[in-house]
Amino acid sequence: MSHESLTPTTVDELTPPDSFGRSGGETLVDSYGRHVSYLRLSITDRCDLRCNYCMVEEMRFLPRAQVLTLEECLRLTSAFVDFGVTKVRVTGGEPLVRQNVIWLLERIAGLPGLQELVVTTNGSQLERFAPLLRRAGVRRLNISLDTLRADRFRKITRVGDLSRVLRGLDAAQAAGFERLKLNTVMMRGGNDDELIDLVQFAMDRAVDIAFIEEMPLGDIGQSRRSSYFGSDEALDRLRTRFVLLPSLETSGGPARYWRIPGSSTRVGFISPHSHNFCDTCNRVRITARGELYPCLGDAHVSHLLPLLRAHPTDDAPLRAAIVRAMAFKARRHDFRHQMDAPQVLRFMSMTGG
């Protein structure tokens, strides 16, 4: 089975519009004046879980030769930081299954100009890695947690052990990580009856939580329409138990936050369907095979891996390709009509968390 049955539009084959340019020759600005300051870098398409909204059960992963080496990951990240990117999120798949991941994270954390290095993880490896991540310079962790029920966790992930993730959360807190955030994909009939319990769990742990509307990426063999659960309905449900006050706080990403009086926990919503956040989008993504996607919900792509390997000591072609790609960052995405047959068929594990 192919990872992408959709043929993307290759940015290198297109001519940028005349209105595009870099501000001061140092920062990345798209055609709509949005400054790109946030890079999400997938370092592997592999994962030790098989979440049913993320991938098919019998997943075919990339051959090693088609995946960015750690050195190539560092070279790419360095180029983006040189262009003014101040926040880097390392994702997968599951990034902590990548061999020698700490080597890479240490070096990314040391890049001059980088302000924040974040890792998104499913938590399965945190019991082992949390102290190492902290020492490497990772400042924040996002931990996927869709349910507090062991049997349901196994059903969603197909192979996962909830207790292992909870021990990982314990280890992350013991290692001194602050502002830990839980990420919960909302699924009608899957976990929507646990939203209140999950917020209470976050409050008890003094961590943040973000509820995410399921995104129609990848052909998982079934329609997502029946499982879609929107942020507005979730907010109404949570308000039956908690007082939620809107907040202007941001973590530099797409989440919109709410505060609960008397608690340090922030409750966020990432709402690509119901509350399009494209007007403030400051992000681009690089997949594990070196594809630069300026927009999560769009097929425009720039292939950076061939440039890295064709010019191992010259970053000029790479930098030029990055600049060209900004011209094709879409004004907005539209997931509303993709629930039954998604137009973007690459799996979320390929695009990067």
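The residue of segment 174-187 that is farthest from ARG266 (Cα to Cα), among those that are assigned to a loop (DSSP other than H, G, I, E, B) and modelled with pLDDT of 95 or more, is ALA175. The single condition from (1) over 19 Å from the mean Cα position of the chain (by Cα); (2) of a type in the set (Val, Ile, Thr); (3) modelled with pLDDT of 80 or more that VAL11 fails is (3).
The helices (runs of 4 or more DSSP H) located wholly in segment 54-173 that include 3 or more residues which are more than 25 Å from ARG285 (Cα to Cα) and of a type in the set (A, V, I, L, M, F, W, C) occupy 150-157. PRO112 passes every criterion in (1) out of contact with any helix residue (DSSP H, G or I) (no Cβ under 7 Å at 6 or more places or on another chain); (2) within 30 Å of VAL185 (Cα to Cα) apart from (2). In segment 190-226, which residues are touching a helix residue (DSSP H, G or I) at 6+ places or on another chain (Cβ under 8 Å) and at pLDDT below 95? Result: GLY190, GLU213, GLU214, MET215, LEU217, GLY218.
For segment 232-262, which residues satisfy the criterion of being crowded, with 16+ Cβ neighbours inside 10 Å, assigned to a loop (DSSP other than H, G, I, E, B) and at pLDDT 95 or above? Correct list: PHE242, LEU244, ILE260. Here's a check for you: in segment 292-303, which residue that is under 12 Å from ILE322 (Cα atoms) and touching a helix residue (DSSP H, G or I) at 6+ places or on another chain (Cβ under 6 Å) is surrounded by the most Cβ atoms within 10 Å (Cβ to Cβ)? Among residues in segment 292-303 that are under 12 Å from ILE322 (Cα atoms) and touching a helix residue (DSSP H, G or I) at 6+ places or on another chain (Cβ under 6 Å), the one surrounded by the most Cβ atoms within 10 Å (Cβ to Cβ) is SER302. Of note, ARG289 does not satisfy the criterion of being touching a Gly at 6+ places or on another chain (Cβ under 7 Å) and crowded, with 17+ Cβ neighbours inside 10 Å. Of the listed requirements (1) out of contact with any Phe, Trp or Tyr (no Cβ under 9 Å at 6 or more places or on another chain); (2) at pLDDT below 95; (3) farther than 14 Å from VAL284 by Cβ, ARG34 misses just one: (3). In segment 92-116, which residue that is touching a Lys or Arg at 6+ places or on another chain (Cβ under 6 Å) and within 21 Å of VAL67 (Cβ to Cβ) is surrounded by the most Cβ atoms within 10 Å (Cβ to Cβ)? It comes out as GLY93. Output the residue which, of all residues in segment 37-59 that are at pLDDT 80 or above and either more than 19 Å from the chain's Cα centre (by Cα) or of a type in the set (Val, Ile, Thr) (or both), is nearest to ALA320 (Cα to Cα). In this case the residue turns out to be ILE43.
The set of residues in segment 145-176 being under 17 Å from PHE129 (Cα atoms) and surrounded by 22 or more Cβ atoms within 10 Å (Cβ to Cβ) consists of VAL165, GLY168, LEU169, ALA172.
The values are calculated or read from the model by the stated rules, or taken from the named source; none is laboratory data. Since the structure is predicted, the reported quantities are computational estimates derived from the model, not experimental observations. Counting neighbours? That spans all protein chains shown, and the Cβs are built from the backbone with ideal geometry, glycine included.
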